[in-house]
Amino acid sequence: MGSKVMAIRLSDRFAQNIPDDRLRLALMQTVEALATAAVDISGLCAMGPLAGALGKAVGTENTDGDEQKALDVQADDIVVTNLRKAPVAYYVSEERDDISTFEASAPISLAVDPLDGSSNIDTNVSVGTIFSIFQTVKDDPEGSFMRPGDEQIAAGCFVYGPQTALLITAGDGVEQYVLNPATETFELAIPETRIPVMAFEYAINASNDRHWAAPVKYLIDDFCAGEDGPMGKNFNMRWVASLVAEATRILSRGGVFLYPGDDRKGYDQGRLRLLYEAAAMAMLTEQAGGEATDGKVRILDKTPQSIHARTPLVFGSSDLVRLVGEYHANPELHEARAPLFNQRGLFS
């Protein structure tokens with residue numbers, strides 16, 4: 001699939017809340033470059049095994065020790081090729097050890113996970129590209145990224161699934177665009193995405209339950225207890241192992257996603273990267289009316305100590321995210337197991 005010169009038709013209101021005209025134009029040009037890259041990545045994903053063994057390990061690991069897949073590397077190359085035409089000063093990628101400098105005087109700095117969910121490539125499950133956009137701190141590559149997530153000027157993700165979609169925010173709500181395959185252009189499909197306030201789905205990798213801390217373990221036990229337990233409601237569990245797929249579902253119909261830290265070696269801070277995964281999802285979630293924390297602390301208040309720093313991540317419908325925080329803050333919620341308590345509903 002060959003990409004068009006203009007790969008996205010941004011809405012008239014996109015980024016109108018940014019008062020600096022130069023910065024707003026640079027942001028739009030960067031999003032257009034990302035959209036062009038996404039058209040190419042989407043086309044490559046759509047080819048599946050016809051494009052070769054995209055899910056095959058290439059014999060290397062990224063800086064976090066994750067095995068790189070062929071499509072991980074190709075996606076990063078496609079993004080970088082397209083960003084060369086955009087006003088980007090500094091670039092961080094999951095697939096690169098260090099900060100890359102493109103045009104140091106440019107106003108935009110960009111952090112990207114070029115291919116989220118790559119373990120799902122061979123199974124035809126949705127994968128995606130996640131990005132966080134910051135205003136460049138002049139002559140300071142690290143300072144452009146080592147800052148609270150609240151300082152993002154935009155964030156979003158492309159999802160390569162049944163439709164190729166873009167969820168994006170510039171700090172004034174979340175817009176959803178869908179790639180029209182006939183024109184190879186992203187077109188506005190949903191002007192304002194809002195997360196339902198209450199929902200009864202949760203996403204977590206239950207195979208790790210023996211490693212969870214007590215607040216997480218008892219929370220999930222109480223979800224599983226359904227209407228006869230302290231929740232007083234039945235819950236469904238979902239787990240895709242693709243952050244962009246989980247986020248798309250939650251932004252569409254609510255619920256909560258949890259990737260907590262646990263007692264396995266190297267998992268005490270979870271596995272998701274704060275800068276270019278958690279911060280982007282947190283900005284999208286909050287702009288859609290939800291919340292995002294690490295179980296205790298708001299994600300957008302956290303500052304990464306390195307470009308690949310990890311964090312636990314909980315995001316979704318506000319009431320459920322707050323409930324996770326209550327289980328961490330209030331031991332009584334996971335220590336009291338009296339029959340009387342089991343008859344009470346936390347939501348009713």
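Consider segment 119-143 and keep the residues that are crowded, with 24+ Cβ neighbours inside 10 Å and not aromatic (Phe, Trp, Tyr). The one that is nearest to residue 20 (Cα to Cα) is 136. Here residue 33 clears all of (1) in contact with a Leu (Cβ under 6 Å, 6 or more places away or on another chain); (2) at pLDDT below 95 except the condition numbered (2).
In the set 285, 303, only one residue is assigned to a loop (DSSP other than H, G, I, E, B), β-branched (Val, Ile, Thr) and at pLDDT 95 or above; that residue is 303.
Put simply, of 109, 119 the only residue that is more than 15 Å from the chain's Cα centre (by Cα) and assigned to a helix (DSSP H, G or I) is 119. Kindly check whether there is at least one residue in segment 158-171 that is more than 18 Å from residue 315 (Cα to Cα) and in the same structural domain as residue 297 (by TED's automatic domain parsing). Within segment 158-171, not a single residue is more than 18 Å from residue 315 (Cα to Cα) and in the same structural domain as residue 297 (by TED's automatic domain parsing).
Determine whether segment 149-160 contains at least one residue that is of a type in the set (S, T, N, Q), crowded, with 18+ Cβ neighbours inside 10 Å and part of a loop (DSSP other than H, G, I, E, B). So far as segment 149-160 goes, no, none of its residues is of a type in the set (S, T, N, Q), crowded, with 18+ Cβ neighbours inside 10 Å and part of a loop (DSSP other than H, G, I, E, B).
Quick grid of which residues meet (1) in contact (Cβ under 8 Å) with a residue 24 or more places away in the chain; (2) closer than 18 Å to residue 307 by Cβ; (3) in the same structural domain as residue 33 (by TED's automatic domain parsing):
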residue	(1), (2), (3)
91	no, yes, yes
94	yes, yes, yes
110	yes, yes, yes
129	yes, yes, yes
133	yes, yes, yes
156	yes, no, yes
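Screening residue 237 on (1) in contact with a Cys (Cβ under 9 Å, 6 or more places away or on another chain); (2) surrounded by 19 or more Cβ atoms within 10 Å (Cβ to Cβ) shows it passes everything except condition (2). Only a single item in (1) on the phi < 0 side of the Ramachandran plot; (2) touching a Ser or Thr at 6+ places or on another chain (Cβ under 9 Å) is not met by residue 203, and it is number (2). Applying the condition of being in contact with a Phe, Trp or Tyr (Cβ under 7 Å, 6 or more places away or on another chain) and in contact (Cβ under 8 Å) with a residue 40 or more places away in the chain to segment 96-108 and asking which residue is surrounded by the fewest Cβ atoms within 10 Å (Cβ to Cβ) yields 101. For segment 215-233, the condition holds for at least one residue, the condition being that it is among the acidic types (Asp, Glu), surrounded by 16 or more Cβ atoms within 10 Å (Cβ to Cβ), farther than 24 Å from residue 22 by Cα and not assigned by TED's automatic domain parsing to the domain that holds residue 111.
The values are calculated or read from the model by the stated rules, or taken from the named source; none is laboratory data. Everything quoted here is computed from the prediction, not taken from an experiment. Note that each Cβ is placed from the backbone with ideal geometry, even for glycine, and that neighbours are counted across all protein chains shown.
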